[in-house]
Each structure stands twice: as structure tokens, then as C-alpha cells.
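Throughout, read-outs are computed from the coordinates displayed, never taken from laboratory work. Worth saying up front: this structure is predicted, and the values here are computed from it rather than measured. Counting neighbours? That spans all protein chains shown, and the Cβs are built from the backbone with ideal geometry, glycine included.
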Amino acid sequence: MKNVLGILQDLRRPRLLIRAARIGSQDYRRDPHLHRVLGYGTLPRSGAALMRLVELEAEQDDRRRREDAGYSVARHVEILVAMMGEARLLRNAAG
């Protein structure tokens, strides 16, 4: 768990993306948000979900940096919101 949370602390993203994600994470609800990002089916536990979200976010950030035409700011923010929400749930469960 600490490794995943450490990865999140080391992320360096544009302020506007982080700011939008922070605002969105205030209304984070696990079921609808994770289903939208990860797809439908059984949701993984917070740690596993967070690892998958880190992978998805890295792909989005790579697309952003390459100025890929398929890059979606909205999708990137959705993933960051889910990451922040899952990290909060993980921290709360830890103590």
C-alpha cells in the first residue's frame, strides 16, 4: 500500500489537471466512478484498483505528452479523480 501511495505522491502533472481532479474527487463515489473508468464487472479492492488506475493514468499522460489526437482531457481527469478517491479510501482503511 505504501508503495502505491508513494507513487501517487511522486506524480508530477500540470496544475490544471490536478486542480480539476481535486475538485472532482470531492464527489467521488466508488461504484459509478470505477465502473466508468475500469469497465463493468466485479470491482477490485482499493489497492488493486489503484494500481490499475496508475497504469491507465500513465498511458493517458504519455498520450498527452506526445500530443496524440486520441488524448482526452476529460478521460485523464476521470482517471485522476478515481485515483485520488481510491487513495483516500486506502488511507482511511489503513488507519
Discussion item. Quick check on region 25-39. Is at least one of its residues in contact with a helix residue (DSSP H, G or I) (Cβ under 8 Å, 6 or more places away or on another chain), crowded, with 18+ Cβ neighbours inside 10 Å and small (G, A, S)?
Written reply: yes
Worksheet entry | R65 vs. criteria of a type in the set (K, R) and surrounded by 11 or more Cβ atoms within 10 Å (Cβ to Cβ) | no
Worksheet item: Among the residues of region 73-95, how many are out of contact with any helix residue (DSSP H, G or I) (no Cβ under 8 Å at 6 or more places or on another chain) and either more than 20 Å from G47 (Cα to Cα) or crowded, with 16+ Cβ neighbours inside 10 Å (or both)?
Response: 1
